[in-house]
Amino acid sequence: MMHRMQVDSPEERRRARLQAESMAAESLVRLLCIVSVLRTALTRLLPLAGSAFWWVTLLCLLPGVLVYLLLAGAMSLTGAPTLTEMLRRCLGAAGSWMGAILLPLLLLADGAASFTALITLFTEGIGTRGTQLTLAILTGAVLCFCLNREGLPRAVHLLRWLLLAAALMWGASCLGAIRMDGLQPVLGGGQEEIIDAVRAGWSLGWPLALLLINEKPESRRPVQSLVGIAGAVLIVLLLVCLTNPHELLTGVHGLPDGLMLPVQYSSNGIRMLGYCLLMLTFFLAIGASAQLAGDFACRGRAVCWPAFGALLLLTASQALHPHRLWALLGQIERWLLLPLSIVALACLMIAMGRRLRK
Amino acid sequence: MRRLMIVALLGLLCAGCTALPAEERAFAVALGVSREAGEWTAHARIPNYQKAGEYQTVQGTGDTLEAALAALDASAPMQLHLGQLRLLILGGTLGGQAPISDALTIMQQRQDLRQEACLAVTDVPMEALMEALRPAAGTRLSKSLDVMLATRVEEGTVLTAMLSEILRMGERQSPVLVRMYMDGDQAAISGAWLVDAGGIVREALSAQETQLLSLLLGQLRSGTLTLPEGVIRLTDAQVQTELSTPTLQSAAVRMVLRVNGAAISREVISASLARACLTLLNRLSVMGCDALGLGRQAIAHADSMEHWHELNWPKRLREMDWSVSVGVE
């Protein structure tokens, strides 16, 4: 581990610091990926796919993995260390602007979905007193203290063991309720429901592309993050399926029900722990969306207002009727991967063309 | 300082947003729900906060279960909380009228409902049963009920019927509920109530029959087992239930028991137990009660829920051909 190495010279110290910051930045993106994928899986795919939900989610992750690989291929061909640099090298100024507009828009859509999920969890799930807007303003105000280009990734990096411990406690509490027939029937409700679920969720892997926005630490291979995220998601999906039969999974109606299902039948203590875990991860993911959207929008310049602007937009989105907003976001979320796929293909072709010409 | 502020604010989010401290809540230990002549009644047994070690019953009535629960909340001296609930009792007439899932779905909407609460059925008047719920040992009713339930489960005269388990059975298994009745002026727990495929509470099982069912479910592994010929002492029991494939028309139960110093011969134990189990299994089948959870094996033969419904499992279960073999060592 680089950050634990004995460092002597200023150069080594600087490199170690950069590596540590890179790891913290990656922690933030990984958290955002896991929250985004699980949120879409639990709220959009679960009621449709039922017992097939675990493998349908993995299937829906594949287009995202493919786009990730295309972008990584283009980065490798151009020798660019980051996604935005690759866009600039492949598409010139247009690519630079594309990164500054497209990625913030995607992050804002994802952030709005997470924000709606969190606020609806408060208002309709846990039953916290307060209206949607007042709770959104409160959450936004608290998030204002957390938005910081360096501070937020560090906070996520420091909290990762706490989050993991809470998740492990939930996982351990599920072990006694595991029934292997939870995976049956393999096709869930049937072919039509599976197709509907795939249509609703084929874009859910789009945040994987964000894994390419930071320079990778020397000790970490690109595929490691991908495997880690897929592994964490798979474990959660399997635990949900193995502890709840299809009949219960498809009976989930409404946004908070899907999010609360993993802890719905747990003991009071574990349920409370699960709610805290949900709240904290959503809170950090919303912060990550706003921060990254702001960072992309200001194209690397050291100004903080775009992140606060993004947070303001996300908070303001909660003024809309939650169910209508959620339905609208559902339609948008279906197409989040499409612009990224087009950009990835274009960049790869341009990079390959340049390589062939050389 | 800034980090400290962030942690403090995150801590605020993690903290409960509860409006009332715990000492200002009435924690129900038992909740009874019954329906008589179209009117729902909900009873709750809560501690008497004026006299230590004593309990009081509060009740609410309404045209619907939701209305009865709302009336119950209103009649409680403090805000009613179900986070310490040990027993959720369904009145006998309610059990035989509508699927228990209807009532449970409504109950489930309460976020404070304790999922480890035991689901019981009674055919005695709910008010009398509630009043009879008093601590048999110590001063806490919750502890007393915990001990009583754990003892009966260990004996095999009661099956674990936790709310969280029952709610998660789906269409694959029928729940077997705890039987509550009055023994003199004391509330007693022993035996079981069977639920059919439609979720309707049908028949009661005696304590001996429940012991057999507990043995078949693999929950009773050791202890005393009462047979018509006498009592045997089990030291170990291995039970395997297998559904025939692909016909799904017959099922075989293979049981291997270890018995300690029985006065009855092994052949007699084997024959008597096989006969008793077969009678019980046929009774369960005819009623459409899949207490053993054979549906969990059967659903593996369906690739989708559509196919599963085409298989018509409840009908197949009613016509199930059972065979039981008992080996005694």
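Quick notes on this structure:
- Neighbours by Cβ (under 9 Å, 6+ apart or cross-chain): first from segment A:153-181, among the hydrophobic types (A, V, I, L, M, F, W, C); second outside any helix (DSSP H, G or I): A:ALA155/A:ASN148; A:TRP170/A:SER266; A:CYS174/A:SER266; A:ALA177/A:ASN244; A:ALA177/A:TYR265; A:ALA177/A:SER266; A:ALA177/B:ARG168
- Residue, nearest to B:GLU171 (Cα to Cα), within segment B:50-109, restricted to residues that are part of a helix (DSSP H, G or I) and hydroxyl-bearing (Ser, Thr, Tyr): B:SER101
- Of all the listed residues (B:SER214, B:SER174, B:SER190, B:SER222), the sole one being crowded, with 23+ Cβ neighbours inside 10 Å, of a type in the set (Gly, Ala, Ser) and more than 14 Å from chain A (Cβ to nearest Cβ) is B:SER214.
- Beta carbons closer than 7 Å, at least 6 apart along the sequence or on distinct chains, pair a first residue in segment B:267-287 that is surrounded by fewer than 19 Cβ atoms within 10 Å (Cβ to Cβ) with a second that is of a type in the set (Asp, Glu) for B:VAL268/B:GLU229; B:SER272/B:GLU229.
- Qualifying residue in segment B:290-308 (condition: more than 14 Å from chain A (Cβ to nearest Cβ) and of a type outside the set (Asp, Glu)): yes
- Of the residues in segment B:112-120, none is under 20 Å from B:ILE166 (Cα atoms), touching a residue at least 40 places away in the same chain (Cβ under 8 Å) and part of a helix (DSSP H, G or I).
- Filtering B:GLU154, B:GLU127 for residues that are more than 10 Å from chain A (Cβ to nearest Cβ), more than 24 Å from A:SER267 (Cβ to Cβ) and out of contact with any His (no Cβ under 6 Å at 6 or more places or on another chain) leaves a single hit, B:GLU127.
- Hits in segment B:190-244 (condition: closer than 23 Å to B:SER323 by Cα, of a type in the set (Val, Ile, Thr) and under 16 Å from the mean Cα position of the chain (by Cα)): B:VAL195, B:THR210
- Out of A:ALA74, A:ALA112, sole residue that is modelled with pLDDT of 90 or more and within 11 Å of A:CYS347 (Cα to Cα): A:ALA74
- Number of positions in segment A:161-181 that are under 19 Å from the mean Cα position of the chain (by Cα) and either surrounded by 15 or more Cβ atoms within 10 Å (Cβ to Cβ) or closer than 24 Å to B:THR160 by Cα (or both): 3
- Residue within segment B:281-289 that is at pLDDT 90 or above and within 14 Å of chain A (Cβ to nearest Cβ) present: no
- Residue match in segment B:164-183 (condition: over 17 Å from B:ALA42 (Cα atoms), in a strand (DSSP E or B), among the acidic types (Asp, Glu) and modelled with pLDDT under 90): yes
- Note on segment A:287-324: residues that are at pLDDT below 90 and surrounded by fewer than 16 Cβ atoms within 10 Å (Cβ to Cβ) total 7.
- Residue in segment A:233-252 that is surrounded by the fewest Cβ atoms within 10 Å (Cβ to Cβ), counting only those that are more than 13 Å from chain B (Cβ to nearest Cβ) and out of contact with any Cys (no Cβ under 9 Å at 6 or more places or on another chain): A:ILE235
- Note on segment B:126-156: among residues that are outside any helix (DSSP H, G or I) and at pLDDT 90 or above, the one that is farthest from B:THR61 (Cα to Cα) is B:GLY156.
- Residue within segment A:349-358 that is in a helix (DSSP H, G or I), closer than 30 Å to A:GLY140 by Cβ and free of Cβ contacts under 8 Å to residues at least 60 places away in the same chain present: no
- Hits in segment A:161-185 - residues which are of a type outside the set (Phe, Trp, Tyr) and more than 16 Å from A:LEU234 (Cα to Cα): A:LEU162, A:LEU163, A:ALA165, A:ALA166, A:MET169, A:SER173, A:GLY176, A:ALA177, A:ARG179, A:ASP181, A:GLN184, A:PRO185
- Of the helices (runs of 4 or more DSSP H) lying entirely inside segment A:1-115, those carrying at least 2 residues that are more than 17 Å from the chain's Cα centre (by Cα) and within 27 Å of A:PRO306 (Cα to Cα) are A:10-40, A:53-78.
- Flag for A:LEU311 being in contact (Cβ under 8 Å) with a residue 12 or more places away in the chain and within 30 Å of A:LEU138 (Cβ to Cβ): yes
The values are calculated or read from the model by the stated rules, or taken from the named source; none is laboratory data. Note that the coordinates shown come from a computational prediction; the quantities given were computed from them, not determined experimentally. Cβ sites come from the backbone with ideal geometry, for glycine too, and all protein chains shown count toward neighbours.
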